[in-house]
Amino acid sequence: MIKMTQYLILQHPGHNRVYYNVAGELALAELQIAGSKFETPCRAVRLIEIAEIRYLSFEVESELSSNDIGVLSRLSFVFAIYKVLNIDGEECLKPIAIKDYAYVDAKISSLLKYPGKTNELFTKMMVNVALLSSNFNYDTNIQLLDPVAGRGTTLFEASVYGFNATGIEIESKSVHEATVFFKKFIQTERYKHQNDKRQISGNNKKEAIYVQEFEFAPTKEMFKIEELKRKLAYVNGSSQNVESYFKANTFHLIVGDLPYGIAHGNSSTHRSASITRNPSEMIEQCADGWFKVLKKGGVIVLAWNVFVAAKVKLEQILSSHGFEVLSEDPYANFEHMVDKSIKRDIIVARKI
Ligand SMILES: C[S@@+](CC[C@H](N)C(=O)[O-])C[C@H]1O[C@@H](n2cnc3c(N)ncnc32)[C@H](O)[C@@H]1O
C-alpha cells in the first residue's frame, strides 16, 4: 500500500471577518485546483476542525516536492503549513516553511482603502485560479490583464507574483489615484523605476487613449537586465476597445472584478456611453476582444454579482465567443454572499 502523508493548512485570518467566514469553501476549491497541478498526486482535500480551529487537510503520496510547496505557499488563504507526524502514537504538527516568492512586498494591495475595492485575498485567489487553470506556471514571464482595473488590486497582486500587469479602467480618477499610489509605493520601497505616458489609440486629441507604464526592479542591477525587471501599465479607456490597445495573443491571463450594478460600480464620466451596469452586457460587448488578446492556453477569470446576472447566461456568452467554460466541481463552488445586495461568484474560461 502507498504510504500517504497528511498536510494541514491554517487559513489566513483575513482582514475582514465576513470574508473569513465564507472563505472556507472558497479555499477548499482553490486548494483542489492547486492539488490537481501538484507534481505529487494529492487526494482527500477537505476542511477539518482540530480543537475548534478550522484547517484545510490533504494527503499526498510520500512528500510534497519543493515545487508543490512553492504552489501551496502562493495560495490566497495560506497562513501556515504543517506536516502531520505520528510520534509515539500521538499526532504532532511539524511547521513547513512558506516559500518567499514576493517580487513586490505583499502589503501593497492592503494599503489603499476605498468603497468598491475588491478584497485583496479574494483577488489573489482569482489570480491563482487563473494561473493554475492555464497552460502556464508561476515561472512563466506572465502578462496579466485586468480589463476593469479600478484602483488596481489585481495589478498589485500580480506584481507581488512578479507578473507584468496591465489594467484598463474607464474612470480617469481611479487611474490617476492608482498610478500616483503605485509610484509613491515603489519610491518608498526604493525600487529602481522609470515611468512614461504615451498615446496607444485614437486619431485625434479628443479620441486619444493613453497608457501609463512603469518599469521597475528591486535593484539597479536587476533593472538593467530586461528579463529581471517588471512592468505595470494602466490604460484609461474602455475594455470594449481592448483590441485597439493591444495586439492579438498578448496576455496569458485576464482577471477582473466586474462592476456590481450598484453605486460604486459605475459613475458618470465623459465616457459614460461605454459604461454598462450589467455584467452580461459588458461580457457580450467585450468577449470578442478579450478572446483575441488572450494567448492560447490562457484563462479568463471574472467575478460578478449573481443577483444582477445568472451564471448560465454568462457561460453561454463566453462559450458563444469561443471560450471553453470550466463549470464542473470545484469551479462550481465559488459562489458566496458579500452583503445583502451582492452574491459574488467567479466564472473561469479557457482559450484552447
Ligand atoms: C468592481 S470595480 C473593480 C475594482 C478593482 N478590482 C479594485 O479593487 O479597485 C469595476 C470597475 O470597472 C470599471 N468599468 C466599468 N465599465 C468599464 C469599461 N467599459 N471599461 C473599463 N472599465 C470599466 C468601473 O469604473 C470600476 O472601476
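List of remarks:
- Residue 183 meets all of the listed conditions (1) over 16 Å from residue 116 (Cβ atoms); (2) open to solvent by less than 10 Å² (accessible area, probe 1.4 Å); (3) in contact with a strand residue (DSSP E or B) (Cβ under 7 Å, 6 or more places away or on another chain) but one, namely (2).
- The number of residues in segment 112-135 that are closer than 14 Å to residue 174 by Cα and not hydroxyl-bearing (Ser, Thr, Tyr) comes to 5.
- The listed residue being modelled with pLDDT of 95 or more and either among the β-branched types (Val, Ile, Thr) or under 24 Å from the mean Cα position of the chain (by Cα) (or both), out of 213, 226: 213
- Tallying residues that are open to solvent by 80 Å² or more (accessible area, probe 1.4 Å) and in contact (Cβ under 8 Å) with a residue 40 or more places away in the chain within segment 202-248 yields 3.
- Selection over segment 224-257 of residues that are of a type in the set (Ser, Thr, Tyr) and away from the ligand (no atom under 16 Å from the Cβ) gives a count of 1.
- Here residue 61 meets each of (1) open to solvent by less than 10 Å² (accessible area, probe 1.4 Å); (2) in contact with a Pro (Cβ under 6 Å, 6 or more places away or on another chain) with one exception, condition (1).
- Close pairs from segment 166-178: first of a type in the set (Asp, Glu), partner modelled with pLDDT of 95 or more, Cβ under 6 Å, at least 6 apart: 169/149; 169/175; 177/151
- Out of 102, 97, 80, sole residue that is among the small types (Gly, Ala, Ser) and open to solvent by 70 Å² or more (accessible area, probe 1.4 Å): 97
- Members of segment 1-51 found to be part of a helix (DSSP H, G or I), over 16 Å from residue 73 (Cα atoms) and of a type in the set (D, E, K, R), listed by number: 17, 25
- Count of segment 316-339 residues which are in contact with a Phe, Trp or Tyr (Cβ under 9 Å, 6 or more places away or on another chain) and closer than 24 Å to residue 136 by Cβ: 5
- Restricting the search to helices (runs of 4 or more DSSP H) fully inside segment 108-223 and requiring at least 3 residues that are away from the ligand (no atom under 16 Å from the Cβ) and not basic (Lys, Arg) gives 172-188.
The values are calculated or read from the model by the stated rules, or taken from the named source; none is laboratory data. Small disclaimer: the values here were computed from a predicted structure and weren't measured. As a convention, Cβ positions derive from the backbone with ideal geometry for all residues, glycine included, and neighbour counts pool all protein chains shown. For the accessible areas, the whole protein counts, side chains as well, though only heavy atoms, and no ligand, DNA or RNA atoms are used. Shrake-Rupley method; radii C 1.70, N 1.55, O 1.52, S 1.80 Å.
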